[in-house]
Structures are given as C-alpha cells and as structure tokens.
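The values are calculated or read from the model by the stated rules, or taken from the named source; none is laboratory data. Since this is a predicted model, take the numbers as computed values, not measurements. For neighbour counting, all protein chains shown are included, and Cβ atoms are generated from backbone atoms with ideal geometry for every residue, glycine included.
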Amino acid sequence: MSTGNIHRITSYVEQRKTPFAVSRLIMMTGSNLRSFGPDVEDDPAVMRKLRSALGAVLTDTEIRELEVQLAS
Amino acid sequence: MARLHAGAGSSSARVARDAVREALTQARKELGDVAPRLAYVAWSVEHDASVVVAALREALPGVPIHGASSSLGVCGPQGITAGAHGAVGILLLGADADIALHVAHAPVEADGREAGRKAAAELMSKGRPKLIWMHASPGKEEDILLGIADEAPGVPVFGGSAADNAIAGEWRVVASPEPIASGVSLAAIYGELRAGGAMLAPHSPTDRKAVVTRSKDRVLEALDGRPAARVLREWIGDSIGSQVEEGGNILAQTSLHPIAFPRTGSAGVHHVTVHPAVIHVPGGAVDLFARAPQGSELCLMQGTPEQLVDALDPLITAALSSIGAAASEVRAGVLIYCAGCAGAVGPLLHEGLIRHLHARLPGVPVLGMLTFGEQGHVPGLGNLHQDLSLSLSLIAD
C-alpha cells in the first residue's frame, strides 16, 4: 500500500489553487483529506474518490503534472 | 440618522482564538463606538466550535451570540474567506434603545417541532420580532419551522442549516453554554425598522416530471411507481450510473441537477429545490436533504456554475424589494448560500460575491455562510426549508 500520496495531492492543490479547493475535495470525497499526513498510509477508497474528484479543481495539465510527481 | 449599526469581519488565521480576534477587530472597526448587542458568528469546522464561541464570549461578555458552523469557509462582499486551518466570520449588530435583539437556543432531540416551539416562545416572550434568523442542525428543519410558526405566526424566518466539509456530522450550532451537534439557534430583531429578505432557487426547471408515489420523510422511494434511482438515472444520465447499481453518494452530480417541487406563491411559481444525496441498493431509494411529500409532482432542475453565481443579482434585487429599501439604506445583511452550490461553482463564487454583493451593497456589512439546507420566507407560501438555494436577509432603518 502506498504512503503519503493523499497528502501530496492535497498539498499540491493547496499550493496551486486555494484552501477552498481542498475543502471542495473534502466535500466531494466525504473524507477529511487534511487528516492524511506525509507518513500516513493511503486509504484506497479515499484515493479512488480523490482521483475522480480532481478534475473539478485541477486542469488536465495540472493533473498530468501531479501524476508525474506522484510517480517519482 | 442610523438606528441600527453593524460591522462585519472575517479571518482565516491558523488558530481559532486569533481568527476570532482578527474578525472581531474588523467588525468593531465598522461598528465604531456603538456597543454590540448581538454577535452573529460562523466558522468552518477546522476550528473547534467550543473554542470559537468561548473566545467570542470572553471578548464580548454578556452579548448574545447566534450562529453555526459553515461548510468550506465563510463569505461576504469580500468573497470567500477560507484557510487550510479554518475560517471565522462575525457580524456585530448594535442599535438604539428602541430596537431589541435577542437569541434563543434549544437542543433538537426526537421532536423538531417542539424544539422550534421552545426557542420561538422564548423570543416571543420579549415581543413580536420583525424577523427571525435560524440555524439548525440538518435533519428536522421542516418541523422546527412548524414549531416557530406555532409560536410566531407570520414572522419571516431566514437561515441555513449548520454544515461541515465532509458531511460527517461535525457541524455545530451555537447554544448555551457550549455549541451542540443537534440544536437550533434563533436570533430575532424587534422594533420599528425594515427587516426582510428573499430566498430563491438558482436552477431552471426542465420538462422532466414525475409524481412521488412512495416516500418516507426525507427518503424518496418511488417516482411514477418505479424506483426513484432508476428515474433519476434516466433524467441525469450515466454520471450516477455506478451509484444506481452499487449505491452511494450523488451529491456532487446532483448539485447542478437537483429535483424541485413547484409551488405557487403570491409572486408566481417558486421551486422548492431538494438535493438528492445518497442512493440505496437494493431498492433504489434516494436520501434527500428535505422532505418529498407523497403524491406531489416534482421536476428535474438544471443549472450551470455561472447561473448559480449570477443568481446573486436577482436575489439582491428581491431582498431589497422585500423591505422597500435602496441599497444606501441597508445597514446589515446575512447571506445564505448552499454549500452544495458553492462546491459545484468553486472559485467562480469568490469573484461573483465581489461582483454582485460588493458592487450592489457597497459598504453594507454582510455575513455569508455556506449551508446544508436553506430556510427563507416566500410570499404567499410562508417560511420554507429547501436545498441548493440562496437567501439574503437585510435590515434597514
């Protein structure tokens, strides 16, 4: 199981967009994403919902950039 | 000469006490030398509600406090105030001696009507208010409004349901001594002044219609004799396909495609919008954030993010018209904007608040909240609870 990717995604959204965008993701996923720290295991169900919600707050280019960062 | 005075402030400071202090400083600056007689507060749930309210009580000893938690952040003419560690918004009201402001709180247990009745009776013991502001935990708002109507018939009620971010029950309502998860907070204004407002549904009706053939309270079971989820899928499309098959949350998909019950008020047709929340399998029942009366006809609504933002303009017009005031005469306002709409609209809302609210009510202190249900007075229909809606209440001398 991966670790810290939910944190990396929310950090990316917070830096590129606004805290409001992260709050929207929390609403869309129904999960308190801010409770996932860098050393916390990623919950697969939350990760799945988060990935499907990203399109509402990030552009396609930003999502591709984020995927590269997550893969590195 | 103004007889009602107000000041508003907001803060996204990291620590709750600092956020209260910062928002209060801004509000007090606008209020000037006038002593506050009501503190109306909203906060997002990253902050501990108890700390927010305790900090406010310490800063304003003896001043009645009213409010609730808000989803995503708080808002106003400044746009959206939201921070990684939370947000606080405060509206302070001060007034001459002939204007009164009171609050009443009640826990909401099994009987929502009784809670509304109890809180409203306390307000009515001080006189007949011009307007009541209401915040309640989500679930029994219709009953609470009935209870208020029992004690305060004809008094317009405006407000919004307490909210959190994750729809996880983290919302809180101001109560005494501590904020509570299940309760109602009322504030009322009394005296010879103009107080009123408007509530509207920002979506447009479509020609897709059906009759509620089976429902229980806030669970929509069947439309035209078929499982409600199947009908909604035909109307909305594959975006809710997996939830229809497996069950699940459809709040995001239905923010721009809610359902509504058309009702005729004195100003024409008013759409009581309802937000479909969760599909259950097997059976295809759909949880709602408001009641679906059995036997009534509903229709599918549709909207765009731009439409949901630009609805602020007719809302302001209708609210001003309700009190017969020009913008320059308005002393304070409370904006209620559905959190589901805000989630769907995103950053457009920030720009829209500045474009509409700031531009059309220049200099007017307004506290805005993002809520999980909206309550407002509709001429000819009375006080209603609905979803995915906007309301604006205004006070003028």
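Considering each residue of region A:35-57, count those that are in a helix (DSSP H, G or I) and within 13 Å of chain B (Cβ to nearest Cβ), and give that number.
11
I'd like to check something: does region A:4-27 contain any residue that is more than 10 Å from chain B (Cβ to nearest Cβ) and either part of a loop (DSSP other than H, G, I, E, B) or over 24 Å from B:Ala82 (Cβ atoms) (or both)?
The answer is yes, given that some residue of region A:4-27 is more than 10 Å from chain B (Cβ to nearest Cβ) and either part of a loop (DSSP other than H, G, I, E, B) or over 24 Å from B:Ala82 (Cβ atoms) (or both).
So, of the residues in region B:94-105 that are more than 18 Å from the chain's Cα centre (by Cα) and in a strand (DSSP E or B), which turns out to be farthest from the other protein chains (Cβ to nearest Cβ)?
B:Ala100
Determine the pairs where a residue that is farther than 13 Å from A:Thr3 by Cβ, located within region A:32-61, has a partner that is acidic (Asp, Glu) and modelled with pLDDT of 95 or more with Cβ atoms under 8 Å apart, the partner being 6 or more residues away or on another chain.
Filtered contacts from region A:32-61: A:Arg34/B:Glu46.
Can you tell me how many residues in region B:157-176 are away from chain A (no Cβ under 14 Å), buried (at least 24 other Cβ atoms within 10 Å of the Cβ) and out of contact with any Gly (no Cβ under 6 Å at 6 or more places or on another chain)?
Qualifying residue count for the region: 5.
Looking at region B:219-274, what helices (runs of 4 or more DSSP H) fall wholly within it and have at least 2 residues that are in contact with an Asp or Glu (Cβ under 8 Å, 6 or more places away or on another chain) and more than 18 Å from B:Ile167 (Cβ to Cβ)?
Those helices (runs of 4 or more DSSP H) span B:228-236.
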